[in-house]
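One structure is given here, and the rest of the page talks about it.
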Amino acid sequence: MKKKIVILPGDGIGTEICEQAVKVLQKTGDLLGYTFDLEHEIAGGACIDKHGIPLQDSTLEKCKHADAVLLGAVGGPKWEGLDFSVRPERALLKLRSELQLYANLRPAIIYSELADASTLKREVLEGADILVIRELTGGIYFGKPRGVKIEDGKRVGFNTLIYNEDEIRRIARTAFEAAMKRRKKVCSVDKANVLESTELWRTVVTEEHKNYPEIELSHMYIDNAVMQVIRNPRQFDTVVTTNMFGDILSDACAMITGSIGMLPSASVGGKNGMYEPVHGSAPDIAGQNIANPLATILSVGMMFKYSFGDNNAYEMIERAVKIAISTHRTKDIMDTGKIETGILSKPRTGRPPSRKSGGSDRDRRGKKPQQSVAPKLSADDKLFLSDLHAKLTAFSSSDETRLELEPYNSYKRKLVHDLAVKFGMESASEGEGDERHNVIIKTEKVTVPNIDYSKKEIWNHGNREYMVRKTIDGVDICLNADGSVTLYSGQPAAKIIHRKKVTTGAFKVINSKIVEFNEPEWA
Ligand SMILES: NC(=O)C1=CN([C@@H]2O[C@H](COP(=O)(O)OP(=O)(O)OC[C@H]3O[C@@H](n4cnc5c(N)ncnc54)[C@H](O)[C@@H]3O)[C@@H](O)[C@H]2O)C=CC1
Ligand SMILES: CC(C)CC(=O)C(=O)O
């Protein structure tokens with residue numbers, strides 16, 4: 001498959017993040033049999049500096065004839081004093097309008113790996129999965145008249161929030177169609193209590209809803225919607241809204257994902273699509289090797305999904321992102337126990353890199369990043385891990401409690417073990433010799449009072465250290481040093497038959513099942 005893609009890195013971190021996203025594009029293409037004809041062009045401030053305008057007609061033409069466009073971000077303080085008509089941002093608005101990309105899809109998904117990296121609480125975030133659909137070629141961004149004029153000797157600034165019913169109907173349809181493939185819920189966000197144009201918005205969305213009886217439709221005012229996505233994001237499935245409200249609401253949704261550096265987008269509706277992160281050019285961190293490239297990388301995933309109809313490639317990229325964040329983080333999503341990383345081999349400027357730039361060696365939540373060397377994985381290991389990641393993802397959402405994997409060599413068993421631990425699961429080896437294989441067990445968390453740790457005995461078994469070990473009815477019961485409990489069928493070649501996580505307490509076993517928790521009877 002041959003695809004022509006125009007790359008517009010733009011300004012600020014745009015160039016840094018696009019460089020990484022193009023690597024992912026190329027790699028995915030190599031693995032899945034694509035060949036790409038990539039055309040790198042300038043847009044925004046970079047184009048103003050070279051040609052005096054934010055977007056050349058020749059670049060626009062190339063974009064119109066490409067299969068897809070990848071854009072970093074445009075703008076920056078350097079160009080802020082310019083007239084509106086020639087500011088960097090005009091390049092983007094012109095592209096959206098000329099390519100007729102009226103629907104901007106912004107998925108805000110919390111990867112469980114990032115729940116603790118967000119400034120919001122894990123219990124609020126977990127399971128959140130919102131698709132914000134922002135109208136992109138109409139509303140106040142494009143409405144006329146607009147400008148600044150003098151009236152009665154005073155300067156007056158004005159813009160026009162205008163939508164016709166066809167513009168509303170087509171974006172409503174996009175939302176209903178998208179929701180049909182999701183959880184069949186659409187929330188339309190407006191300010192119908194104050195603005196006539198959005199009163200029409202509500203009316204037309206409600207009319208169009210009649211064609212989608214299976215969808216549950218609700219309406220919400222924008223001010224409440226911004227509060228609700230922070231208060232309880234799980235209540236939303238698909239959200240549809242105007243150009244400006246969508247811009248604002250999706251930045252709020254970014255905090256569900258942990259950082260705005262995680263939020264990708266697809267702009268569709270025309271002949272081809274444009275893919276860009278939701279964030280801007282981040283001049284405050286540009287050139288410091290700390291920008292998060294994942295929103296742009298996930299936008300490449302969306303390009304495969306929406307422009308090339310290749311969901312497999314999209315899932316592959318998403319899986320790779322999950323694997324990457326399980327060990328490595330950029331500063332904006334840094335968390336305890338992870339390795340802080342930059343995206344460039346060298347910082348682009350002479351400025352000090354990453355942590356020092358903020359005047360502190362702590363991340364934004366005051367935690368010290370772990371200094372460590374990234375493990376070197378071969379291409380084969382990465383594929384093995386990607387496959388394993390898919391298996392563990394499927395296992396974690398299944399009703400099964402035990403997953404037996406085929407026998408691997410000890411190096412791969414260690415890879416399995418490490419990944420299982422990242423999934424919050426237990427991993428152990430069973431069998432002997434060539435039959436030795438990993439078994440992954442889901443753990444249950446149980447809190448019980450009154451364990452007497454002072455009476456502990458320490459037993460050693462292989463690389464595990466047990467606090468207490470007891471055999472009842474032929475079942476070996478181990479209270480591990482980490483507070484978890486493992487039941488074995490007996491030695492040798494013990495088989496794990498049950499595993500529970502306890503934070504404190506003791507237990508009683510009948511017929512190999514933990515049935516009661518009380519004071520340790522054996523101590
Ligand atoms: N699509 C586009 O090209 C957009 C361009 N802009 C332009 O970008 C410039 C800066 O605008 P701001 O309002 O500051 O928005 P911004 O999105 O560039 O930055 C907001 C905050 O988020 C952080 N941030 C953004 N992306 C990040 C990433 N990938 N990794 C880590 N942190 C990240 C920034 O450091 C900053 O603190 C302006 O010129 C604006 O017009 C703004 C929004 C969208
Ligand atoms: C035109 C952009 C610079 C601003 C915007 O609408 C966006 O954030 O997508």
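The values are calculated or read from the model by the stated rules, or taken from the named source; none is laboratory data. In this text the structure is predicted, and so the values were computed from the model without any measurement. So basically every Cβ, Gly included, is an ideal-geometry build from the backbone, and we count neighbours across all protein chains shown.
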Report task. Only residues that are of a type in the set (Gly, Ala, Ser) and farther than 16 Å from ASP237 by Cα: list them for region 193-221, please. Result -> SER197
Query raised in the report: Counting just the residues of region 44-78 that are within 11 Å of ligand 2 (Cβ to nearest atom) and among the hydrophobic types (A, V, I, L, M, F, W, C), which one comes out farthest from the chain's Cα centre (by Cα)?
Result: VAL74
Query raised in the report: List the pairs whose first member sits in region 211-227 and is closer than 15 Å to LEU195 by Cβ, whose second member is part of a loop (DSSP other than H, G, I, E, B) and not hydroxyl-bearing (Ser, Thr, Tyr), and whose Cβ atoms are under 8 Å apart, counting only residues at least 6 apart or on separate chains?
Result: HIS219/ALA192; TYR221/LYS191; TYR221/ALA192; TYR221/ASN193; ILE222/LYS191; ASP223/LYS191
Query raised in the report: Looking at SER299, SER281, SER267, which is the one that is within 16 Å of ligand 1 (Cβ to nearest atom), surrounded by 21 or more Cβ atoms within 10 Å (Cβ to Cβ), in a strand (DSSP E or B) and outside the structural domain of GLU177 (by TED's automatic domain parsing)?
Result: SER267
Query raised in the report: Within region 232-245, how many residues are within 13 Å of ligand 1 (Cβ to nearest atom) and either free of Cβ contacts under 8 Å to residues at least 40 places away in the same chain or touching an Asp or Glu at 6+ places or on another chain (Cβ under 9 Å) (or both)?
Result: 1
Query raised in the report: Between a first residue in region 246-260 that is more than 25 Å from ARG329 (Cα to Cα) and within 11 Å of ligand 2 (Cβ to nearest atom) and a second residue that is modelled with pLDDT of 95 or more and of a type in the set (Lys, Arg), which pairs have beta carbons less than 7 Å apart while being 6 or more apart in sequence or on different chains?
Result: GLY246/ARG134; ASP247/ARG134
Report task. Could you grab me the full set of residues in region 385-405 that are assigned to a loop (DSSP other than H, G, I, E, B) and farther than 14 Å from SER427 by Cβ? Result -> SER397, SER398, ASP399, GLU400
Query - Answer from ILE248, ILE260, ILE215, ILE222 - the residue that is within 13 Å of ligand 1 (Cβ to nearest atom) and under 16 Å from ILE133 (Cα atoms) - result: ILE248
Requested in this report: Output the residue which, of all residues in region 176-234 that are among the polar types (S, T, N, Q) and not in a helix (DSSP H, G or I), is nearest to CYS253 (Cα to Cα).
Outcome: ASN232
Query raised in the report: What are the residues in region 151-169 that are under 22 Å from VAL86 (Cα atoms) and in contact with a strand residue (DSSP E or B) (Cβ under 8 Å, 6 or more places away or on another chain), if any?
Result: ARG155, VAL156, GLY157, PHE158
Query raised in the report: If we keep just the residues of region 61-86 that are surrounded by fewer than 18 Cβ atoms within 10 Å (Cβ to Cβ) and of a type in the set (A, V, I, L, M), which is nearest to ligand 1 (Cβ to nearest atom)?
Result: LEU82
Query raised in the report: In region 261-295, which residues are within 13 Å of ligand 2 (Cβ to nearest atom) and not aliphatic (A, V, I, L, M)?
Result: PRO264, SER265, SER267, TYR275, GLU276, PRO277, HIS279, GLY280, SER281, PRO283
